[in-house]
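Okay, so here's the structure we're looking at.
The values are calculated or read from the model by the stated rules, or taken from the named source; none is laboratory data. All values reported here derive from a predicted model rather than from experimental measurement. Every residue, glycine among them, receives a Cβ derived from its backbone with ideal geometry; neighbour counts consider all protein chains shown. SASA here: full protein model, heavy atoms, side chains in, ligands and nucleic acids out. Shrake-Rupley method; radii C 1.70, N 1.55, O 1.52, S 1.80 Å.
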Amino acid sequence: MSAPAPTASSFGLASCHGCSALTPAVGHSTCDRCGAAIHLRKPDSLNRTLALVVTAALLYVPANVFPIMTVQKLGRGDPHTILGGVQALVEGGMWSLAILVFFASVLVPMLKLVVLAGLCISVARRSDARQRDRTTLYRLTEVVGRWSMIDIFMISILVALVKLGVVATIAPGPGATFFAAVVIITIFAADSFDPRLIWDTEEDSP
Amino acid sequence: MTHRNDRKPEAAELRKSRGISLVWLVPVVAVFIGGGIAWETLSNQGPTIELHFEDASGLEPGKTRIKYRDVAIGVITEIALSDDLTSVIAQAELVKDASPYLTARTRFWKVTPHVSLSGISGLETLVSGVYLNVLPEAGGDPQRVFEVLDEAPTTAAHRGAVAISLHAKSVGSLGPGAPLTYNGVRVGEVEKHRLMHDGKRFEVDAFVYRRFAHLIKPSTLFWNASGLSVSLGAEGLEIQTASLGTLLAGGIELANPKPAAGQEPVGKGARFVLHASHDEARKVMERSEGLNVTVEALVGSGIAEGAPVYYRKQKVGHVGSHRLSDDAVAILYQVHIEARYAPLVRSDSRFFDASGVKLHVGLDGLDLDTGSLASILEGGISFATPERPGERAEDGARFALHHDAEPEWLAWTPRIWIGDRPEQRIDHVVDVPTTRPRGLAIVLEAFSGASVKAGDPVTYRELEVGTIVERELSKDARTVRIHAEIEPEYARLVRSNTRFWNTSGIHAHLGLSGLEIDTGSLQSMLAGGVAFATPDEKGTPVRPGTLFPLHPKPEKEWMHWSPAVWMGPGEPSRPVEHAISDEHRIRHVEAESVEPELEVVPAVAIDAEVAPAPVGAEVPAPRAGFFRRLFGFAR
């Protein structure tokens with residue numbers, strides 16, 4: 001491994017979260033330029049991320065157990081859970097749509113939780129394995145995670161659009177709320193994670 | 001930048017977080033929320049039951065609902081075949097509150113679209129799919145396994161309905177759902193029927209809605225009103241059917257005979273006889289009210305079943321049935337008298353045959369002896385009770401049926417209370433032949449009585465002044481004696497020298513002067529009769545019973561006789577000819593006005609010769625003259 005590059009913190013400097021200006025990181029200092037709080041690392045990052053991941057994981061259960069929406073056609077209607085909806089799409093032969101919904105609504109939130117939990121654990125254990133890969137994984141998670149909201153948006157639009165009384169009505173189920181919560185909390189969790197912690201093993205702990 | 005570098009960067013303050021970060025409150029809150037919802041879900045989860053079906057048609061797991069009063073209280077979650085493949089077992093989840101109602105008495109049934117003649121039900125299931133209905137009933141042994149019925153239990157839709165069972169020899173077109181009607185109002189339904197153990201009768205299970213349950217008394221009568229009952233009688237064509245639905249789907253009618261009024265309604269499970277027809281039920285009903293007597297006739301006279309029974313031409317009952325007596329000598333008519341009229345029948349009442357046509361067909365009118373046209377066609381029985389009525393007739397009393405009524409029977413008008421309390425009544429002057437003031441009775445003797453018969457008129461100048469009462473052979477059988485009665489006011493017209501002749505038929509005389517036809521009025525020509533004339537020099541008034549000879553035809557001179565006879569008790573100054581009849585006078589005037597025009601015709605000469613017709617004097621009947629003129633023209 002090549003000699004470690006000098007870091008800002010080794011010079012007693014920290015990058016501002018807001019404008020990226022290097023500011024001396026002393027106590028609870030603020031950025032000289034934009035006035036934002038200056039931290040060497042996101043404060044309490046591991047704890048926050050882990051707590052949010054746990055929360056999201058807990059909410060992930062009711063999000064999948066409760067029906068996400070109820071589609072009523074001519075008085076006949078059954079509530080669908082997320083997986084039930086996927087199943088209905090598969091039975092309907094709409095494989096592509098089924099795969100899309102399955103990825104966006106089932107796989108992505110779950111992987112996100114797993115990835116974030118894994119990152120937190122690896123950071124806490126000061127693992128130095130595959131740091132670059134882990135960083136890539138984190139970035140991917142952060143980018144893809146928000147696409148899970150597509151399901152919630154779809155439900156919102158459908159509920160608003162399909163109000164045809166007896167002919168067809170779509171009503172959101174309690175699962176939708178939980179699912180939205182899961183997605184939002186995982187977004188926060190990803191945001192509160194500081195990927196620099198992955199690399200902190202190379203120097204003395206800050 | 002340099003000024004910053006002047007500041008010696010201080011070592012970052014390193015704060016190790018001790019204890020648990022506040023951020024962990026977030027998952028704790030999530031746990032509470034999730035746990036709360038999970039607990040709520042779990043605690044709301046009702047009991048799971050097992051339902052057994054014959055087949056699973058229309059059932060879908062997770063979709064088929066269980067409803068009570070159209071509120072979903074559960075859903076079928078799983079459907080599987082039983083191990084022996086004979087039935088379908090479904091698991092269903094019910095709401096939490098359902099637990100106390102899952103007892104051995106609770107029944108489940110499948111609601112499917114059902115179209116029958118008595119209605120369409122379950123139509124909503126065409127769209128919403130099959131669902132299960134439940135009739136929860138608390139208070140039985142708890143149960144978790146249920147057999148699902150194919151059809152709704154009858155009491156389901158009608159809580160508090162009273163179940164009854166009816167025994168019938170045949171059920172006709174009665175089917176499940178057929179209505180029970182009371183005076184046309186639907187009061188219940190047939191549930192099902194089955195052959196009884198003896199293999200001869202059917203048992204029909206029916207129920208009566210709660211609000212009509214009070215109608216069902218121990219003596220309530222039920223009869224099968226299925227189909228159409230058409231009876232063609234003298235009273236017209238009668239078509240009986242309860243309703244169009246009943247006509248097609250069958251139905252049961254019920255009625256309460258009078259004795260039922262005071263009875264307590266029956267409870268569940270009461271047994272009744274289902275009569276095959278209204279008639280049959282009516283007979284049973286009659287047995288329980290009114291009076292039933294037997295009338296014995298030696299000669300059958302076409303009295304039909306259902307024929308009316310009259311009392312003074314008022315229908316008071318009818319003939320129930322008739323049969324030969326056991327020794328085949330008499331015909332026994334079962335006569336039913338309506339309850340109200342039962343007191344009219346006394347031990348000394350006389351029954352007589354009122355059937356057939358008992359009218360004298362004469363041109364002077366129809367003398368109807370029958371009650372109504374119906375009795376002519378159907379036959380009928382009349383009865384009369386003497387002025388001093390005897391004991392009230394017992395139920396089942398026997399009477400003889402007389403072929404004809406004695407005239408005096410018809411005059412009987414006993415006073416018998418048949419109402420609840422005496423009512424104000426107008427005193428009637430009863431028109432009875434026997435009470436009529438008697439006129440002058442005379443006897444006419446003829447060699448032949450061929451065309452004169454009882455009831456024929458006795459005329460004086462074409463005016464009816466009396467009637468023939470009867471005719472008989474004289475004691476020595478040489479002549480016929482005809483008894484006539486002249487009405488009192490005309491009695492003085494008959495004198496010792498009065499001549500009587502027979503006006504019956506047409507007397508034609510063919511002579512040299514042509515065909516001479518002499519006849520009285522058209523009526524007397526066809527109906528026959530006796531006419532008389534009194535000479536101008538009239539004899540003395542006669543006593544009743546005086547004998548006169550009856551001439552076969554009048555002498556010509558008799559026609560010219562026109563004696564003045566004072567008949568009334570009033571002033572003698574009144575003109576005689578006017579006293580006879582106004583009508584006659586008018587005819588006379590008409591004849592006068594017509595005559596001059598016809599004078600040119602030769603036939604009139606005969607007429608004139610026969611009747612010189614002095615002004616103001618009587619002329620022979622215009623009609624007689626008309627005939628003469630008619631035939632005179634023909635010549």
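Please determine, by comparing only the residues of the stretch B:185-228 that are of a type in the set (Gly, Ala, Ser) and modelled with pLDDT of 80 or more, which one is farthest from B:Glu151 (Cα to Cα).
Residue satisfying both the conditions and the ranking: B:Ser219.
Regarding A:Val53, is this residue facing chain B (nearest Cβ under 9 Å) and modelled with pLDDT of 75 or more?
So A:Val53 fits the description; yes.
Identify the residue in the stretch B:311-322 that is closer than 20 Å to B:Leu344 by Cβ and out of contact with any helix residue (DSSP H, G or I) (no Cβ under 7 Å at 6 or more places or on another chain) and, among all such residues, is most open to solvent (accessible area, probe 1.4 Å).
The qualifying residue most open to solvent (accessible area, probe 1.4 Å) is B:Arg312.
Restricting to the stretch B:465-480, name every residue that is open to solvent by less than 80 Å² (accessible area, probe 1.4 Å) and free of Cβ contacts under 8 Å to residues at least 60 places away in the same chain.
Residues satisfying the conditions are B:Val465, B:Gly466, B:Thr467, B:Val469, B:Glu472, B:Ser474, B:Ala477, B:Thr479, B:Val480.
Considering only residues that are open to solvent by 30 Å² or more (accessible area, probe 1.4 Å) and either within 14 Å of chain A (Cβ to nearest Cβ) or of a type in the set (A, V, I, L, M) (or both), which ones fall in the stretch B:118-141?
The answer is B:Ile120, B:Leu123, B:Glu124, B:Leu126, B:Val127, B:Ser128, B:Ala138.
Considering only the stretch B:59-86, how many residues are of a type in the set (S, T, N, Q) and closer than 15 Å to B:Trp109 by Cα?
Number satisfying all stated conditions: 1.
Counting just the residues of the stretch A:1-35 that are under 22 Å from A:Trp199 (Cα atoms), at pLDDT 70 or above and over 29 Å from the mean Cα position of the chain (by Cα), which one comes out farthest from the other protein chains (Cβ to nearest Cβ)?
Here the answer is A:Pro6.
Of all the residues that make up the stretch B:31-66, how many are more than 30 Å from A:Ala56 (Cβ to Cβ) and open to solvent by 40 Å² or more (accessible area, probe 1.4 Å)?
Residues meeting the conditions: 10.
With B:Glu286, B:Glu280 as the choices, which residue is surrounded by 18 or more Cβ atoms within 10 Å (Cβ to Cβ), at negative phi and assigned to a helix (DSSP H, G or I)?
Selected residue: B:Glu286, the only one of B:Glu286, B:Glu280 that is surrounded by 18 or more Cβ atoms within 10 Å (Cβ to Cβ), at negative phi and assigned to a helix (DSSP H, G or I).
Residues that are within 13 Å of chain B (Cβ to nearest Cβ) and either at pLDDT below 90 or open to solvent by less than 30 Å² (accessible area, probe 1.4 Å) (or both): list the helices (runs of 4 or more DSSP H) wholly contained in the stretch A:58-144 that include at least 2 such residues.
Passing ranges, in order: A:82-91, A:108-124.
Scan (1) more than 9 Å from every other protein chain (Cβ to nearest Cβ); (2) of a type outside the set (D, E, K, R); (3) farther than 22 Å from A:Val162 by Cβ; (4) open to solvent by 30 Å² or more (accessible area, probe 1.4 Å) for the single condition A:Ile38 breaks and write down its number.
With respect to (1) more than 9 Å from every other protein chain (Cβ to nearest Cβ); (2) of a type outside the set (D, E, K, R); (3) farther than 22 Å from A:Val162 by Cβ; (4) open to solvent by 30 Å² or more (accessible area, probe 1.4 Å), A:Ile38 is out only on (4).
Please identify the pairs in which a residue from the stretch A:91-110 that is within 19 Å of A:Arg146 (Cβ to Cβ) has its Cβ atom under 8 Å from the Cβ atom of a residue that is among the charged types (D, E, K, R) and assigned to a helix (DSSP H, G or I), counting only partners at least 6 apart or on another chain.
Close Cβ pairs satisfying both conditions: A:Val101/A:Asp151; A:Ala104/A:Asp151; A:Ser105/A:Asp151.
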